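Visitor: Submitted below is the structure of interest, expressed as structure tokens.
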Amino acid sequence: MATVAQPKPLHHFWTSYWRNLVFISVSLQLIVVLSTVLLLDATEAISILSLDTWAIAGGIFVILLLLNLLILRLASRPLKYIITALSHANGEESRLKQIHVNDAWVQRVGMKPLMTFIHELGGGGGSDHAADGEDTTDVQARAIRFDEALESSSTGIAFLDSKGRLLFRNPAVPTYTETDDTPVIDVQFYNEISLSDWIRECEKKSVNAEKTWVRVASKPAGEMDRKLYDMHATYKKGSQVPVVALFVEKTSEYMPEENDLNFIAFAAHELRGPITVIRGYLDTLIDELEGDISHEQRELFDRLVVSSNRLSSYINNILNSAKYDQRHLNLHLGETSTLRIYGMISDDMALRARAQRRNLTVDIPTDLPNVAADPASASEVFGNLIDNAIKYSNEGGSVEVRAVAHEHFVEVSVEDHGIGMPSNVVGNLFHKFYRSHRSRETVAGTGIGLYISKAIVESHGGTMEARSVEGVGSTFSFTLPTYASVASKLEKNGGSNKTLINNHSGSWIKNHGAIRG
Amino acid sequence: MAIHSILVIEDDRFIGEMYVRSLIKEGYAVDWMVDGNDGLVAARNKEYDLMLLDVMLPERRGTEILKALRGGKENLVPNTKIIVMTNFEQDDESRIATEHDVDGYLIKADITPKKLLSIIEELN
């Protein structure tokens with residue numbers, strides 16, 4: 001037989017096998033009939049020379065041949081069906097008619113499970129479209145397409161080992177090359193556990209785990225070609241590929257928000273420049289003119305200071321609101337006292353009340369339990385509420401700040417005896433840009449202060465509420481969780497609360513903590 | 001280590017003059033640079049006890065100066081304290097990266113010259 005370079009299609013076997021089977025069957029039968037004739041001739045039962053003998057022998061041969069072929073066909077039918085099915089499953093084009101799994105005979109002899117199994121081997125379904133181009137791929141071609149799919153996919157897929165080393169990655173995975181040519185995943189984790197730390201943690205205590213990271217960036221903000229991803233990773237201990245990580249690029253979705261925030265950050269930068277100079281020189285002038293100016297002139301200076309301070313805190317409100325709306329407002333909670341938080345702005349508040357002729361009384365007991373708070377942000381809440389109380393009360397009126405301890409919270413309240421509001425207004429107070437009915441005519445303001453204050457308090461895990469009686473006054477109160485009630489949770493989150501550096505969102509100095517102007 | 005010499009890198013004339021004026025009045029030896037390149041050169045040429053570094057600077061941003069001085073394997077200014085002073089609200093990630101290499105991070109609008117002097121006093 002001639003050798004062939006290409007592997008033969010599976011169905012060729014059937015054709016040659018059937019041919020051989022028929023040939024052997026015919027030959028054997030010929031031998032049997034001929035030997036019978038010869039034997040009978042030897043016993044002289046018949047004569048080999050008689051025409052009748054050959055007629056009978058021929059008749060028997062033909063009948064036997066028919067019966068034989070019938071049995072042969074029946075006996076080898078399952079084999080034929082299996083080969084046909086396998087041939088189709090392999091995607092070969094053949095003259096053999098494909099056998100349907102619901103074929104009557106197949107069902108009758110109980111071959112259906114076998115046929116179904118073979119059918120599924122080939123990818124199942126669509127039995128009537130076996131000859132379509134889609135199904136005619138062989139196994140090798142399929143593997144190539146899998147690679148192609150990974151190559152062209154915009155979703156990054158990375159396989160990592162238990163040490164966090166890359167086993168495989170497709171081009172959509174952001175990577176950079178180390179000096180020794182090993183590729184490393186190139187995204188930055190700031191407030192969250194990094195992928196490699198997560199894998200390390202999983203190695204220690206998990207069998208199966210998964211985690212999603214939202215909005216991880218390939219480069220720091222402001223750099224060229226910065227891309228933003230949502231990331232998902234799964235972990236399975238002991239598996240050949242223990243970690244599979246997916247990267248979905250969301251740059252176009254997240255970038256506009258980033259640009260908005262950048263715009264506000266740049267605008268705030270511009271506004272803060274002149275304020276720095278105004279506040280700075282006022283401070284210097286008041287110091288240097290001390291003793292040379294009249295009491296009245298000093299009061300005018302105070303008004304300038306109060307106004308520039310307010311301007312500065314409004315800018316902070318705008319920045320924080322923008323960050324909060326875009327989920328960028330990150331608070332770094334740590335153990336501190338209510339008194340210390342208020343201490344950051346107490347001088348400013350006292351001056352503000354004095355300049356605007358309000359009596360500010362502050363009653364914050366020294367024995368209150370410590371709270372878990374971001375001091376700079378929490379002090380802004382104090383500032384906003386007192387600022388409001390001053391705004392919406394009358395000259396000579398009093399503003400009272402109190403703090404009391406409840407079980408797991410410290411409650412701070414700011415009460416004024418000013419113009420108050422009708423009850424239907426109270427519910428809307430915390431909406432951005434909302435101001436009460438009358439305030440629209442009498443007092444200027446953006447209404448952003450209460451909105452961001454509530455957001456900051458709730459980000460601490462506290463609540464804020466308002467009570468008011470029209471013409472009598474309003475009380476705004478908020479709660480901050482005691483440090484003891486959330487300490488274990490904060491420690492578990494680890495990292496960001498441990499070092500002084502990450503402890504504050506405003507100004508800070510190493511070993512001295514937060515600073516407020 | 002007591003602080004005597006201070007390098008101020010600040011491009012805003014008014015703000016720079018304001019801080020420099022009160023620092024000199026207080027008896028510090030102050031050099032003032034208005035752009036990032038000059039600032040970096042000054043920091044490399046002379047050893048200062050303290051550097052007040054703005055972020056949004058012409059020629060070379062404050063973060064780049066910081067990277068050049070402390071971002072490599074070797075801290076080029078081991079005896080200098082660095083305080084970043086900015087009015088620019090960096091996003092958290094850039095900010096954390098900046099804070100990693102400095103001794104203080106101040107929002108200028110919150111820091112009057114008097115306040116700055118007391119902060120430097122505290123650093124001593």
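Readers should treat all values here as calculations from the given coordinates under stated rules, not as data from a laboratory. Please read all numbers here as calculations on a predicted model, not as lab measurements. Ideal geometry is used to build each Cβ from the backbone, glycine not excepted, and the neighbour counts take in all protein chains shown.
Visitor: On average, how many beta carbons from a partner chain sit within 10 Å of the beta carbon of a residue in B:81-89? Mind showing how you got there, number by number?
Guide: Values: counts 2, 0, 3, 1, 2, 3, 11, 7, 15.
Mean shielding by partner chains, rounded to a whole number: 5.
Visitor: Calculate log10 I(q)/I(0) of the protein assembly as shown for q = 0.11, 0.12 Å⁻¹, where I(q) comes from the Debye formula with a single equal point scatterer on each Cα and nothing for solvent.
Guide: With no solvent term, the Cα-only Debye profile gives -1.17, -1.32.
Visitor: Note down, for chain B, the three equivalent ellipsoid semi-axes (square root of 5 times each alpha carbon gyration tensor eigenvalue), biggest first, whole angstrom. Let's see the in-between values first.
Guide: Values: eigenvalues 77, 55, 42 Å².
Listed largest to smallest, the semi-axes of chain B are 20, 17, 14 Å.
Visitor: Also: How much net charge surrounds B:Ala2 when only other residues with a Cβ under 12 Å from its Cβ are counted (Lys, Arg +1; Asp, Glu -1)? Present the calculation step by step, with values, prior to reporting the outcome.
Guide: Numbers: positive: B:Lys81; negative: B:Asp49, B:Glu121.
Taking every other residue near B:Ala2 into account, the sum is -1.
Visitor: Continuing with this model, one more query. So which of A:Lys323/B:Lys115; A:Lys219/B:Lys25; A:Lys211/B:Lys81; A:Lys323/B:Lys67 end up more than 32 Å apart by C-alpha? Please list the in-between numbers first.
Guide: On the way: A:Lys323/B:Lys115 27 Å; A:Lys219/B:Lys25 43 Å; A:Lys211/B:Lys81 40 Å; A:Lys323/B:Lys67 26 Å.
Pairs exceeding the cut-off: A:Lys219/B:Lys25; A:Lys211/B:Lys81.
Visitor: Quick check on the protein assembly as shown: of the DSSP beta bridges with both residues there, what percent are antiparallel, nearest 5%? If you can, show how the numbers build up before the last one.
Guide: On the way: 56 of 78 bridges.
Among the beta bridges of the protein assembly as shown, antiparallel pairing accounts for roughly 70 percent.
Visitor: Which value in deg cm²/dmol, rounded to the nearest 500, describes the helix-derived mean residue ellipticity at 222 nm for chain B, given -39,500 (n - 2.57) per DSSP H run of n ≥ 4 and division by the residue count? Let's see the in-between values first.
Guide: Details: 5 runs with 48 residues, N = 124.
Result for chain B, helices only: -11000 deg cm²/dmol.
Visitor: Additional query: Shielding of B:16-22 by partners, i.e. mean partner chain Cβ atoms within 10 Å per residue?
Guide: Numbers: counts 0, 3, 7, 2, 0, 3, 5.
Neighbouring Cβ atoms belonging to other protein chains average 3 per residue here.
Visitor: Multiply the residue separation of A:Gln188 and A:Ser25 by 0.36 nm, subtract the distance between their alpha-carbon atoms, and state the gained length in nm to one decimal.
Guide: Details: separation 163, 0.36 × 163 = 58.68 nm, distance 7.65 nm.
The span from A:Gln188 to A:Ser25 would gain 51.0 nm if fully extended.
Visitor: For every other residue with a beta carbon closer than 13 angstrom to the beta carbon of B:Leu117, add +1 if it is Lys or Arg and -1 if Asp or Glu, then tell me the sum. If you can, show how the numbers build up before the last one.
Guide: On the way: positive: B:Arg21, B:Lys25, B:Lys114, B:Lys115; negative: A:Asp283, A:Asp287, B:Glu26, B:Glu121, B:Glu122.
Every neighbour counted, the sum reads -1.
Visitor: Cross-link partners among aspartates and glutamates for A:Lys250, C-alpha distance below 14 Å, same-chain residues fewer than 8 apart left out?
Guide: A:Asp225, A:Asp230, A:Glu258
Visitor: Roughly how far apart, in whole Å, are the Cα centres of the stretch A:457-480 and the stretch B:68-83?
Guide: Answer, in whole Å: 47.
Visitor: Report, largest value first, the span of the C-alpha coordinates of the stretch A:219-345 along each principal axis, in whole Å.
Guide: Principal-axis extents of the stretch A:219-345 (Cα, largest first): 82, 36, 22 Å.
Visitor: Going by amide H atoms built from the backbone, whose H comes under 5 Å of the H on A:Val399, apart from near neighbours?
Guide: Residues meeting the criterion, in which the H sits 1.01 Å from N, are A:Asn359, A:Leu360, A:Thr361.
Visitor: How many Cβ atoms of partner chains, on average, are near each residue of B:98-108 if near means within 10 Å of its Cβ? Kindly include the intermediate steps, with their values, before the conclusion.
Guide: On the way: counts 1, 7, 3, 0, 4, 5, 7, 8, 6, 12, 10.
Across B:98-108, the average partner-chain Cβ count within 10 Å equals 6.
Visitor: Moving to a separate point now. Compute the distance from the alpha-carbon center of the stretch A:154-228 to that of the stretch A:403-418, in whole Å.
Guide: That distance is 45 Å.
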